[in-house]
Every structure is written in structure tokens, then in C-alpha cells.
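Coordinate-derived values only; no laboratory data. What you see is a predicted model; the values in this text were computed from it and never measured. Glycine gets a Cβ as well: all are built from the backbone with ideal geometry, and neighbour counts include every protein chain shown.
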Amino acid sequence: MAQLIITIDGPAGVGKSTISRRLAEHLDAIHLDTGAMYRAVTLAAMRANIDLTDPVQIRELIGQTEFHFEADHDDMRVWIDNREVTNEIRDPQVTEKVKHVASMDTIRHELVEWQQRFANDYPRIVTEGRDQGTVVFPNATVKFFLTADPSERARRRQLQWKESGIKVPLEQILQDIETRDASDRTRATGPLVPAENAVIVDTTRLSIDEVIEVLLTHIPETA
Ligand code: DC
């Protein structure tokens, strides 16, 4: 049977992670969170105290570091040199710095290979990121691109922070989101754009359940 690959791309705060996890569970597929890979490389670079804007040093670091990723339906688990960093890669400092690594051509090429190799091991995957439908899995079974108004995305992010006991002003989140969006959209390699044949879903006024319902209408029942 052909491999099932569902790609879910879109900007920060659009609900990608929750939706990808839920969809993976529904389809009995593995959830591949490619943002976790960019975050892991960024965290390793921060810990090694190297210049985050220097691709040569980051490349070298990747060569000397052992990254390990494990996935099921749920959050991806991440190890750097045998130490689990699943929570640490979500630190706000990592979130702020990840744009450097994400905008480096050579590093993107390397991580695209990691993602494709990872997918090879599984017959069914739901993969989320920015370039999954365009660059990483151009032959995916179904491609989705999620959008939502920036103010709604900021509100959702604020709620997530609040649930983790962290208070962040809405204006600051909105500004961060807009900066990250601009950086994601304008980079030369793997920019945040919908694939030509992606289904675009605006999640601004939809609950998670409603989004899942919409996505399922585009996935063949035989999948
Ligand atoms: O989805 P996220 O917030 O965990 O992503 C972290 C960063 O990595 C974000 O700035 C965009 C970048 N990223 C990317 O450039 N390409 C991907 N496939 C996934 C994430």
C-alpha cells in the first residue's frame, strides 16, 4: 500500500501542533513535528555558545552532536547527546532564536534530509512545518495550509503561555508572531508559502474539532 503522508503547513499560532496531533491519532499515523528539529539545533547551538548566525559553526556542531527524535501520535520527543530536551526546546529563548537556524540554506537542506529519512520508517505520517508540502514531501497524499488572523493567533499563544503559568502581554506576542512570519515568508529556501495543490483552511473562527472535520473531508476514506 502507498505511504500516507499528510502535510500541515502554516505560520505560528495557527493550531498546527494540536491539529496535527489529533489528526495523526485519528488516522493512526505518526506525528512528525519538524519545528522540533529546528528548535533542537538552535538549543544545541545556544548551549555550545556558538554564533547562531554563522552557518559554518552550526554545520560543524551538527556533525559533532547526536540528535535523536522519537514520535508517535503525540508530541515528538527529542534528545541531544543522549539527554532528553523535549521541554527545553520550547523555551521562549529558543523560540526567539530559532529564526537564525531556520533561515540558513545549508542547515535547511540537512534538516529536510532528516525529515525525509524519518518519514521513510513509517507507513503513515502527519507532518507539520512550513515547507512540508512544498519542499520536503512534494508528493504527499494531501497537503493542508492553515491560516488565521494574526490577532487570533496571538490570543491563542497567550492562552497557551497562561496555561504554563507564564504571563506575556498580547502586544508582545503579536509583535513576535509578525516578526517570525515575515522571516519565515521571505527566506530564500523553504519559505512559508502554500503548495500549489494545498487545501487552504482559515482557522480563525473554527474550533479544533471543526478544523479536524474540515480536514477529514479532504482525506480519502480509504487512506
Ligand atoms: O512550529 P515551530 O514554532 O515549532 O517552529 C519553530 C521554528 O522553526 C519557526 O521559526 C519556523 C521554523 N520552521 C521552519 O522553518 N521549517 C519547518 N519545517 C518547521 C519549522
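Karplus-derived 3J(HN,Hα) values for region 63-80, using 6.51 cos²θ - 1.76 cosθ + 1.60 with θ = phi - 60°, are x, 9, 10, 9, 9, 9, 10, 10, 9, 9, 6, 9, 4, 6, 9, 10, 10, 10 Hz; glycine and proline are entered as x.
Can you tally the net charge around E84? Count Lys and Arg as +1, Asp and Glu as -1, for every other residue whose Cβ sits under 11 Å from the Cβ of E84. Walk me through the numbers before you get to the answer.
Numbers: positive: R77, R83; negative: E70, D81, E88.
Charge balance in the 11 Å sphere: -1.
Once the Cβ-Cβ distance of T186 and E152 is raised to the sixth power relative to R0 = 25 Å, the FRET efficiency obtained is 0.65. Under 5 Å between amide hydrogens, built in the peptide plane, is the criterion, and for V199 it picks out K143, F144, F145 among residues at least 5 positions away or on other chains.
Where does the charge balance sit around E213 when Lys and Arg score +1, Asp and Glu -1, over other residues with C-beta under 15 Å from its C-beta?
Working: positive: R22, R205; negative: E25, D202, D209, E210, E221.
Neighbourhood net charge equals -3.
When the alpha-carbon atoms of region 162-223 are used, the pair Rg, Dmax equals 16.2, 45 angstrom. Take the Kirkwood radius over Cα pairs of region 109-223, plug it into Stokes-Einstein at 37 °C and 0.692 mPa s, and you get 204 µm²/s for translational diffusion.
Distance between the 7 Å Cα→Cβ label points at E213 and L159: 1.7 nm. Shown in residue order for region 161-177 are the 3J(HN,Hα) couplings computed by the Karplus curve 6.51 cos²θ - 1.76 cosθ + 1.60 at θ = phi - 60°: 4, 4, 5, 8, x, 10, 9, 10, x, 4, 4, 5, 5, 4, 5, 4, 4 Hz (x for Gly and Pro).
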